[in-house]
Structure formats: structure tokens, C-alpha cells
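Chemist: Structure below; questions to follow.
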Amino acid sequence: MNGIILKAIAGFYYVDAGGLLYECKARGSFRKSGVSPLVGDRVEMEPCDEKTGVIDAILPRKNALSRPPVANLDQLLIVSSFENPAPNTAVIDRMTAVAVYHGIKPILLFNKCELGQMDEFVRIYQAAGFPTYVVSAREGEGLEAIRRELQGSVSAFTGNSGVGKSSLLNSLFEGLSLQTGAVSEKLGRGRHTTRHTELLKLGDNTFVADTPGFSSVPEGDRSYDFKTNLIHCFPDLEQFAGGCRFTSCTHTREAGCGVLEALKNGAVQQSRHASYCRLSEELKDITAWSGSKHKKQ
């Protein structure tokens, strides 16, 4: 029987299969292979009774992240808010790059629009080619479009603590009652209220990952492969890279760079190129040897 892992706690995996939820253990062969089941994995499992079972095999993954541990994401909804904390393009751009690298569709959500305008951020990310929405969890504005985006997909929400991820999910789907955290007035950010990764089943083939938060650049993505493919993780910059004079162009400072020319002409957003340069600098010392142990799964 095939199913999907919704939750993993203390060596037990909760698998949705055939309309039932089974508490499963994994076969000992997984420990020998060094591959552990993840939330979001599609698996083959053998029921022991109507409540328990054993996971026999993990079906091929389309992607897998280490922090949080989740597999087979279709899309990543990157949430920012008007204030406390305000949108940070460097953080947003890191997450869009990680998503694109893993074949995950990034979607930008700007929450708390009842507090003020976020037109400048919307302009940046619409120009970059990403689906971008202005929403209000408190007022219900823009939520129907997000519900349509979520249908039939495995999605996750990410963003700095305090931006209202749990509040958005509670507003999007009645009955969830996810815990929300207050924003610290001193620090201007909230506390993570989710303690483990769990897939919430919200309809037929519709799942949302409730997670304790994403690292801005997960350790597994600080790899040589990520470094050499960084320009491909910025599709709005990549479209101009074919115009570079040199094939070894890093798109940061070289003469004859098609990306820099597009930046000069306003076809590339300044903040997007700055984020690309920041990541390029951060990854510059990673070599094929030093990064060989970190591969995209």
C-alpha cells in the first residue's frame, strides 16, 4: 500500500494511506542504508492492523531539505510582513534561490497589508517573475487567491518569525487553530511556535507543511553544486547571462557582463543583484572537494 508521511516523532512515522492514518516503524534496512524517511515522503507500507504498519520503501523523491526535514515540496510560500519585522530582500532572495535550486516554486506573500503599502516589494518580485500576493490574515484580504495556489500541491510556509505564518494558515483553513506567537516589542520579531515538521492534510492531494522554520541557506545547500548553479537560481538574472563576453563571468564585476548591462538599463532589480553578489561572496571559498559531501538530494 502506498501513502505519504504526515509526521515523524521519536522513530514513529504517521502515514496517510487508503483514507486511514497508520503509526509506522521503518524497516531496519533503512538504518543500514543511511537513508531516513522524511515528512512528505511517498512510501510503500505494509499495514499490521487498522492503526499500525511498517514502512518497506521510500519512493523516488523530487527534492529533499534537511532543515526542516521535509521531502517532495511543490511550492514554498515566502511570507513577509509590513513591520515587526519589515520585509528583508536579502532573506527573501536567499529563500527564492534555495527553492529554485531544489525545483520548488517560490510564491511571495506580503502579510499585514492593513498596516500600510508594500508596493515597492511587490514591484521587485513581480518584475523578477515570481507569483506575488498582498494579503492580510487579520482582515482576510487576498486569501482566496492563496487557497487556489495551494490546491493539489504539497506546500510549505517560511519567513522570519513574527510575520504571521500560523495566523495565515488559521485564516486560510478553518479549524486548524495553530498556535501563534506574540511579537517581542524589544526585538521586533516573534518566537517560533512550531516544534516539529508536520504535513497538514487540507483536501484531496492538498498538503501544507507546518514547520519550525527554514534556515536561510541550509547547510546542505552550502555546496559546490549550489555555488556553480547560483546564477540559475536567479532566473531574472540568468536570462541575461547569455550576453556575457566571457564564459567564466561571475556576473558581479566583469567587463562585458550581460547581467551588469541589464542592471544598468533597469532590466534587473538592484536588490536582486545585490543579493546574488552577497550569496556569491558567501560561497566563494567552497571548492569541489570541500563541498563534495553536500549534494542536492
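The values are calculated or read from the model by the stated rules, or taken from the named source; none is laboratory data. This one's a predicted model, so the numbers in the text were calculated from it and none came from an experiment. Don't worry about glycine lacking a Cβ; one is built from the backbone with ideal geometry, like all the others, and counts go over all protein chains shown. For the accessible areas, the whole protein counts, side chains as well, though only heavy atoms, and no ligand, DNA or RNA atoms are used. Shrake-Rupley method; radii C 1.70, N 1.55, O 1.52, S 1.80 Å.
Chemist: What figure in square angstrom, to the nearest 10, would you give for the accessible area of Arg67 with a 1.4 Å probe?
Modeler: 110
Chemist: Residues with amide H under 5 Å of Lys7's amide H, sequence separation 5 or more or different chain, H placed in the peptide plane at 1.01 Å from N; which?
Modeler: Close amide H contacts, sequence-distant or interchain: Tyr14, Leu199.
Chemist: For Ile9, put the label point 7 Å out on the Cα→Cβ axis and report which residues of the stretch 59-74 keep their amide N under 18 Å from it.
Modeler: 69-70
Chemist: So, one more: Please report the projected area of the chain's Cα convex hull averaged over all directions, in nm². Before the final figure, lay out each step's value.
Modeler: Details: hull surface 68.4 nm².
Spelled out: convex hull of the Cα atoms, projected over all directions, averaged, 17.1 nm².
Chemist: Next question, about the same structure. Mind checking the dipole of the chain: about its Cα centre, +1 per Lys or Arg Cβ, -1 per Asp or Glu Cβ, Debye to the nearest 20?
Modeler: Working: 34 positive and 33 negative charges, 181 e Å.
For the chain, the charge dipole is close to 860 debye.
Chemist: Given a Förster distance of 30 angstrom, what is the FRET efficiency for Gln126 paired with Arg278, based on the Cβ-Cβ distance and rounded to 0.05?
Modeler: On the way: r = 22 Å, r/R0 = 0.73.
For R0 = 30 Å, the calculated efficiency reads 0.85.
Chemist: Just by accessible area at a 1.4 angstrom probe, what is the order of Asp236, Asp74, Asp285 from largest to smallest? Please report the intermediate quantities before stating the final value.
Modeler: Values: Asp236 10, Asp74 45, Asp285 125 Å².
The ordering from most to least exposed comes out as Asp285, Asp74, Asp236.
Chemist: Classify the stretch 14-77: rounded, prolate or oblate, from the alpha-carbon gyration tensor (a ≥ b ≥ c, eigenvalue square roots; a/c under 1.5 rounded; otherwise prolate if a/b is larger than b/c)? Mind dumping the intermediate values first?
Modeler: Details: a/c = 2.34, a/b = 1.34, b/c = 1.74.
Cα axes put the stretch 14-77 in the oblate bin.
Chemist: Holding the Cα-Cα limit at 20 Å, pick out from Lys7/Lys51; Lys32/Lys227; Lys62/Lys105; Lys7/Lys112; Lys51/Lys201; Lys105/Lys264 the pairs that are longer than that.
Modeler: Numbers: Lys7/Lys51 15 Å; Lys32/Lys227 31 Å; Lys62/Lys105 12 Å; Lys7/Lys112 30 Å; Lys51/Lys201 18 Å; Lys105/Lys264 28 Å.
Over 20 Å apart, Cα to Cα: Lys32/Lys227; Lys7/Lys112; Lys105/Lys264.
Chemist: For the stretch 46-136, what is the Kirkwood estimate of the hydrodynamic radius, computed as the reciprocal of the mean inverse distance between distinct Cα atoms, to one decimal in Å? Don't skip to the end; give the middle numbers.
Modeler: Details: mean 1/r = 0.0652 Å⁻¹.
It works out to 15.3 Å.
Chemist: Per DSSP H run of at least 4 residues, take -39500 (n - 2.57); add these up for the chain, divide by its residues and hand me the 222 nm value, nearest 500 deg cm²/dmol. Numbers along the way, then the final one.
Modeler: Numbers: 9 runs with 74 residues, N = 297.
Computed ellipticity for the chain at 222 nm equals -7000 deg cm²/dmol.
Chemist: With the full set of protein chains in place, find how many percent of the accessible area of the chain is carbon and sulfur; take the probe as 1.4 Å. Walk me through the numbers before you get to the answer.
Modeler: On the way: 6940 of 14590 Å².
With neighbouring chains kept in place, the figure for the chain is 48 percent.
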